[in-house]
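All remarks here apply to the structure that follows.
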Amino acid sequence: MLSDAVRVMEDDSGLALCYPRARFVDSTGTDIAPWSDSLHLMQKDPVDRFKAVLSGIGRVHHHLGLMRSAIVRRTGLFSKHVASDTVLIAELSLYGRFYQIPRYQFFRRLHEGSSSWAPTSETHQARLYHPTDIDRIPFNRWRLHGRLIHVVAQSPLATVDRLRAFAWLVRRAIWDREALSAELRAEVGLAMGLGDNRIRE
């Protein structure tokens, strides 16, 4: 995989990331199924790439391919919220294109301790992101939206493109308004001692 990825990236300086196709395997390494995505992003428009990542990333393992180090150093890396890996991949797309090696060279293991085992369980995800026995992530959804705004603000986009990206993120927040409102009410309730300090599955 590294040999193929290095060859691809040496031939194209505009690539920020090169990653292979993936298959899921179980705890013993037995094949489960292939995974497909649509993140072979060779379009020139960075906003289009950014939108494509956030709209279609699904399972996140792309950062386990090969990233251009000079670009990675310009990013904010991981943040303290669930899906910070998704934000990193979206941020990389603002700096360069993505190439998917058309071979199955990454084998993602599914087991009870992996984040992929229960991706919709907030409790399971919180334990992975907060290993000090914290079973909730305060304002997690708000942190995610805020982080996306921040990476666009810090990106090398031209002003007009930055405004396009901001406008799209505002629309995403509007689409997510019910969940954001529910999270805000829950956090205020907890702060006032009116709620359960546990999060629901």
Filter pass, A165 being open to solvent by less than 40 Å² (accessible area, probe 1.4 Å) and either modelled with pLDDT under 70 or farther than 30 Å from L41 by Cβ (or both):
no
If we ask which residues in the stretch 39-78 are open to solvent by less than 30 Å² (accessible area, probe 1.4 Å), touching a residue at least 60 places away in the same chain (Cβ under 8 Å) and closer than 23 Å to A173 by Cα, their number turns out to be 6
Looking across the stretch 143-162 at residues that are within 17 Å of the chain's Cα centre (by Cα), buried (at least 17 other Cβ atoms within 10 Å of the Cβ) and not hydroxyl-bearing (S, T, Y), the single one that is farthest from L92 (Cα to Cα) is R143
Of all residues in the stretch 1-50, which are out of contact with any helix residue (DSSP H, G or I) (no Cβ under 9 Å at 6 or more places or on another chain), of a type in the set (G, A, S) and either within 14 Å of R68 (Cβ to Cβ) or in a loop (DSSP other than H, G, I, E, B) (or both)?
A5, S13, G14, S27, G29, S36
Could you please give the count of residues in the stretch 151-164 that are out of contact with any Ser or Thr (no Cβ under 8 Å at 6 or more places or on another chain) and either farther than 21 Å from R74 by Cα or not polar (S, T, N, Q) (or both)?
9
When you scan the stretch 168-182, how many residues do you find that are of a type outside the set (S, T, Y), open to solvent by less than 90 Å² (accessible area, probe 1.4 Å) and more than 30 Å from V72 (Cβ to Cβ)?
3
Would you tally the residues in the stretch 95-112 being part of a loop (DSSP other than H, G, I, E, B) and within 23 Å of G14 (Cα to Cα)?
2
Identify the residue in the stretch 9-38 that is open to solvent by 30 Å² or more (accessible area, probe 1.4 Å) and of a type in the set (A, V, I, L, M) and, among all such residues, is nearest to A153 (Cα to Cα).
A33
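The values are calculated or read from the model by the stated rules, or taken from the named source; none is laboratory data. The model shown is predicted, which means the values in this text are computed figures rather than measured ones. Glycine gets a Cβ as well: all are built from the backbone with ideal geometry, and neighbour counts include every protein chain shown. Only protein heavy atoms, including side chains, enter the accessible area calculation; ligands, DNA and RNA are left aside. Shrake-Rupley method; radii C 1.70, N 1.55, O 1.52, S 1.80 Å.
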